[in-house]
Amino acid sequence: MSSTVDGTRTVPAGAADGPPLVELDAPAAVLLVELASRSVVHANDVAEQLAPGVGLPAGIDAWGDAADLRDLDGAELADTAHPLSLLTGGRPVAGQAVTAARLSKLGRRRAPLWVVGLPLSGDRLAGFGLVVLLPLRRREQAAEVARALQPGPTDADPLQAQALQAEIHLRERALVATGVTFTIADAQAPDNPLLWVNPAFTTVTGYASEEVVGRNCRFLQGPDTDPAARAQLREALTTGQSVTTTILNYRKDGSAFWNLVAINPVHDDSGTLTHFVGIQSDVTARVTADVERDRALAAEQAARADAVRAQEQLALLAGASARLASTLDERTSLEHLLALAVPGLADWAMVTTFDDAGGIGELVARHRDGREDDVAELTKRARHGLTDRAPMFQQYRGARAWRVDRYATSPQRAGYADDPELLTLSESLGLQSVMFVPLPGRRSVLGSMVFARGEGREPFTDTELAVAEDLGRRAGLSLDNVRLYEAEHHIAETLQRSLLPELPVVDGLEFVGRYRAGAEIAEVGGDFYDVVPLTDGTVGVCVGDVVGHDLAAAAAMGHLRGLLRACAWDAADAGRDCADVVARVDRMVQGLHTVPMATLVYATLAPPAPGADGAWTLAYSSAGHPPMLLRHPDGRVETLDAANGLLLGVEAWKRSAATVAVPTGSLLLAYTDGLVERRDRDITHGLDRVRDVLAAARPEEPGRLCDRLLAENPTDDDTAVLAIHVG
């Protein structure tokens, strides 16, 4: 560490900055002392709090006793050490640590203060002294300086040497090495000109005393000085009030510095405002540090906000695919899309799909605040008021996402709709920043989405546009899947209707059939029922089940049904029975390899002889199929399982047939295993449940019986049911 030598004392380099002893931001006590009379003629509000109840003018001894000024250890001050006595003796007080008694809820306590006393000069100030008492920041450091300033050897004690160099520095600057400047302005003269400044003013501003006395202090202000701070100072000087503020001032060389300014009014005995005492300090380093801290904090907060937004956007996209894929209904899918976008991305949004002709298909909207009536009116008007120039039709001129800021004032809006009320309504929902996003499918753009934000919201960013475009791609693929499903579903329904027969009308018999597919994708399967009036006067009845639950099973079922019809028709002509029909179908299935394994029950119903009032005759043969059930008129349920054999397609098997009388008023039920089998229950339980429902059924209502059986047995398996009322 380099040093300079002053006599026999060594002063460390860098001492010019001095120790930060005082709290510059805290209010200071200011006294104006008449030196000749040794009287305090003015005290500001803070000084009055130090010596309450003392009327002015007051002798310095009376004021000092009221404030109970003592040294840092609490000992009374001698006249030779009392700062007020030193000042009235014509000696400046460069800086002295004292304590004053203050009352609080906890009793009297000693408050550490640093006293600066300055004799004033000038025509109107000669004979007066200025005393400023500043709150100490570091009492311990002040105590070390005070002890080091006591007489004694200096060269043998490093602490004393350091303290003495501080004393030299303080005396040279006439203050406590804090850069504090003092000014006195004339409150009676126009524009409040300066009457006196201390040497520190010259050090801080670069202006000599003769350059500033007689001028208003605002010559320090410059182009970047805050108008609000100027107005605050001007208001205080106009009204004669105390004020403390931080203002940007300029030195003589043009460099800017931040100035902490405290101005206190001075009144005479009659209460007339006579002067303003200013206490100023260069706080550029502190303000710069605060600005840098605020900038760093703002950058951190912005980065944190960006991270939060990025996380929210990633979460939105992460959940989008699952949310959009959770339904196979187009409108529900669009509503899920709106729920993802509002309010997560926009204040409101509207999504439109296009039909095969390029017109509007579905159109739904959503607002973050609900506004159901306005949203309903918007979608109603949009369906009829949008022109083919609207952004949602831009897929014909290139599928791309784009955004517009200040869209509500954009002249191009008028070309997007033929209905001016639509434009007004959309603006009322909030239309300052807008994004237009296509919904691309695999082969074409399937729709378009509008995202909008209202007044007061940040406009959409390029990042949000990219997120919206990604969301649009996911939504477009999901919409494409929905439409593919709907197309396949329509094909499946058409195929299923073609495979299921139209039940014939037969005197004395009522047929009701129901089919429920278990495969959600195609909604077709291998279960079937059929009724065929035959040439011998009987009616062929069949219920079957081809292994599988898809389009392949449905196609195989069509082959099997065709084979069965052909064999049944041929058997009726040749007089062969049910067992022969099942056996021939089995041989053809194994020989032609058109049908995998299957089960079925085939039966014929022969009417009573003409003129007789007897029972119908039922002949049946089963190939591994669940047994038919017969409800007699008295409610008794009979299980028809006497002629059962192996399922079709396994191996050659001799088929058998059985017959049973079916009285008038009976109800015959044939079904597939989907009605009685469940993964969590034994098939016996299912059969018992079906018997109970059949026993309680009304024979003349076979349709209600079928609906109840299907409703009470939810399953993912195909199910076919055929009920026959014998009347």
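Bear in mind that the values in this text are calculations on the coordinates, not laboratory data. Predicted model only: the values in this text are computed from it and were never measured. In this analysis, Cβ positions are derived from the backbone assuming ideal geometry, glycine residues included, and neighbour counts consider all displayed protein chains.
The table for this structure:
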{"read-out": "Per-pair calculated FRET efficiency, R0 = 41 Å: residue 79 and residue 288 via Cβ, rounded to 0.05", "value": "0.40"}
{"read-out": "Extended-chain gain in nm, criterion 0.36 nm per residue less alpha-carbon gap, residue 380 and residue 462", "value": "26.4 nm"}
{"read-out": "Unit charges at the beta carbon, dipole of segment 199-282: most positive-side option, 243, 204, 221", "value": "221"}
{"read-out": "Calculated P(r) of segment 179-282 - Cα pairs past 18 Å, %", "value": "44"}
{"read-out": "Label-point separation in nm, residue 246 to residue 45, each point 7 Å along Cα→Cβ", "value": "2.1"}
{"read-out": "Segment 179-282, relative contact order in percent, only Cα pairs under 8 angstrom and at least six apart counted", "value": "30"}
{"read-out": "Inverse mean reciprocal Cα-Cα distance (Kirkwood Rh) of segment 612-722, Å", "value": "15.1"}
{"read-out": "Relative contact order (percent, whole number), segment 502-726, Cα cutoff 8 Å, 6+ residue spacing", "value": "24"}
{"read-out": "Cα pair distances in segment 34-101, grouped into 10 Å bins until the bin that holds the longest one, percent each", "value": "21, 55, 24, 0"}
{"read-out": "Whole-Å distance, taken between Cα centres, linking segment 51-70 and segment 260-301", "value": "28"}
{"read-out": "Summed residue charge, Cβ within 12 Å of residue 723's Cβ, Lys/Arg positive, Asp/Glu negative", "value": "+1"}
{"read-out": "Selection from 506, 647, 533 lying farthest towards where the dipole of segment 502-726 points positive, charges on Cβ", "value": "647"}
{"read-out": "Proximal charge balance of residue 587 [Cβ under 14 Å; K/R count +1, D/E count -1]", "value": "0"}
